[in-house]
Amino acid sequence: MGKGLVALLCVAMLVFLVDAVYAQEDIPVHVRLTMMVAGDQNMVDFFQYEIAPEFEKLYPNVRVYVVGTGPGPAGSRQIIEKLKIERDSGKDKWDIDIAVVHEIGAVWALNEGLIRPYTDFLTAKRLTVRNTDKMALGVNVDGYVMPMFHSQTAIAYNPKYVKDPPKSYAELVEWVKKHPKKFGYNGIKHGASGISFVAGWLYWKSGKDMEILINGPYDKKYEEKWKDYFADLKEFNKYVTMTSGNAGTLDMLNRGEIWMGPVWVDMFYTWMAEGRMDPNIKLLIPAPGMPGQPMHYVIPLKAKNADYALKLIDFVSSPKMQAKYIVEKFNWYPGIGDQYVKKYVSKEVLKSLYRDITQDDLLKYGKPFPLTQYYEDMLEAYERWVEK
């Protein structure tokens, strides 16, 4: 039995088990709102232990159940596969009411006809200021997605060991040769910080063609030199430590087993706030830049409880909730305009969030992920020319 099928069967079992749990509750429940969430465990915990209890206070007839599918595109792919099974079953109403997916997941879902437009009815839609609610990896997703948050990747480094950190990918290549196995990342299959690092590598190697990879047009001729770029990355990998995932990179940094590695800024600051990270470790974004991305809310085409899914999205996207959870508790950049959130956030929190990476740094070095076709080709190229 394939791993993908096993994972889907596990998801189906979890959905079945929640029905059994609800059946034993004394409180009459009329709406069982089921979410599927791609991302690390902190994403699942955010909804299960923070948002669900508050939402259920507003709507006592609702119970929210959260199913995590794992980090990176693989997590989003699990959601897409589950929705395709729902579609192919011919059911009038689907089990999944709301999903949180990566940009690539939103594109996959839209291309497969698995999600419905809904944001015209969303109050929070009027508060978005970036283009991420309209375009995802070069695809028009306007109406189908609402950004949950915006996040950014960066290189974390320990100044105890790294006195003069490399400021660019070119400098990093020289640095790892002098300090073998002290830089670590998680490849492309164990979390998106590794994928972001690979995308940044491709941007660096592509030079002036970087803008083509981001904005299009899609043309295979721009991939003619990729074999050489990824051969260089395979050589680079000889000097690095491959970590077990986003959390694995942070763990190894904190223990001093590696001195540098790509991380998600939000996850880094959350660990810092929880005392799980050496407070002296710092961040930088190397030239020419590394990608960040939003996570997107989507509502499946035949969601059983689409009305409550809409209410939950609006609830968690409000300025106060964005300030309380997205910014203050989880250290993400808000999914709506900063100006709507700042008045609810303390100056200390804002200062902490921009401690090492300023707004100017984000504007200069924060990049989108490549266009969908280039993105998928990049993952395939890594598997073909780096992992083999």
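Taken over the range 331-388, the criterion of being out of contact with any Pro (no Cβ under 7 Å at 6 or more places or on another chain), of a type in the set (Phe, Trp, Tyr) and either under 20 Å from Thr128 (Cα atoms) or assigned to a loop (DSSP other than H, G, I, E, B) (or both) is satisfied by Trp332, Tyr333, Tyr354.
If you filter the range 159-188 down to residues that are assigned to a loop (DSSP other than H, G, I, E, B) and in contact with a Gly (Cβ under 7 Å, 6 or more places away or on another chain), you find that the one that is surrounded by the most Cβ atoms within 10 Å (Cβ to Cβ) is Asn186. Going by the structure shown, is Val162 within 23 Å of Asp361 (Cβ to Cβ), modelled with pLDDT of 95 or more and aliphatic (A, V, I, L, M)? The answer is yes for Val162.
Answer yes or no as to whether Tyr344 is assigned by TED's automatic domain parsing to the domain that holds Val31, among the hydroxyl-bearing types (Ser, Thr, Tyr) and in contact (Cβ under 8 Å) with a residue 40 or more places away in the chain. The answer is no for Tyr344. Going through Tyr185, Tyr218 one at a time, which residue ends up being at pLDDT 95 or above and on the phi < 0 side of the Ramachandran plot? Going through Tyr185, Tyr218 in turn, the sole match is Tyr185. Just name the residue that is surrounded by the fewest Cβ atoms within 10 Å (Cβ to Cβ) out of those in the range 195-209 that are farther than 18 Å from Gln152 by Cα and not polar (S, T, N, Q). Checked the range 195-209; the qualifying residue surrounded by the fewest Cβ atoms within 10 Å (Cβ to Cβ) is Lys208. For Tyr382, the conditions (1) of a type outside the set (Asp, Glu); (2) touching a residue at least 24 places away in the same chain (Cβ under 8 Å); (3) touching a strand residue (DSSP E or B) at 6+ places or on another chain (Cβ under 7 Å) all hold with the exception of (3). Scanning the range 358-388 for residues being in contact with a helix residue (DSSP H, G or I) (Cβ under 7 Å, 6 or more places away or on another chain) and either surrounded by fewer than 15 Cβ atoms within 10 Å (Cβ to Cβ) or not aromatic (Phe, Trp, Tyr) (or both) gives a total of 9. Ile212 meets each of the listed conditions (1) closer than 24 Å to His102 by Cα; (2) in a loop (DSSP other than H, G, I, E, B); (3) more than 22 Å from the chain's Cα centre (by Cα) apart from (2). Does Tyr325 meet the test of being modelled with pLDDT of 90 or more, more than 30 Å from His30 (Cα to Cα) and assigned to a helix (DSSP H, G or I)? No, not satisfied. Considered as a group, the residues in the range 243-271 that are of a type in the set (Gly, Ala, Ser) and over 14 Å from the mean Cα position of the chain (by Cα) include one that is surrounded by the fewest Cβ atoms within 10 Å (Cβ to Cβ), and that residue is Gly256. In summary, Gly143 fulfils each of the numbered conditions (1) among the small types (Gly, Ala, Ser); (2) in the same structural domain as Leu379 (by TED's automatic domain parsing); (3) in a loop (DSSP other than H, G, I, E, B) with the single exception of condition (2). If we scan the range 305-319, do we find a residue that is out of contact with any Cys (no Cβ under 8 Å at 6 or more places or on another chain) and over 18 Å from Ala124 (Cβ atoms)? Yes: the range 305-319 contains one or more residues that are out of contact with any Cys (no Cβ under 8 Å at 6 or more places or on another chain) and over 18 Å from Ala124 (Cβ atoms).
Screening Tyr382 on (1) at pLDDT below 90; (2) on the phi < 0 side of the Ramachandran plot shows it passes everything except condition (1). Considering (1) in the same structural domain as Met267 (by TED's automatic domain parsing); (2) in contact with a Ser or Thr (Cβ under 9 Å, 6 or more places away or on another chain), the lone condition that Gly207 does not fulfil carries the number (2).
The values are calculated or read from the model by the stated rules, or taken from the named source; none is laboratory data. Note that the coordinates shown come from a computational prediction; the quantities given were computed from them, not determined experimentally. Glycine gets a Cβ as well: all are built from the backbone with ideal geometry, and neighbour counts include every protein chain shown.
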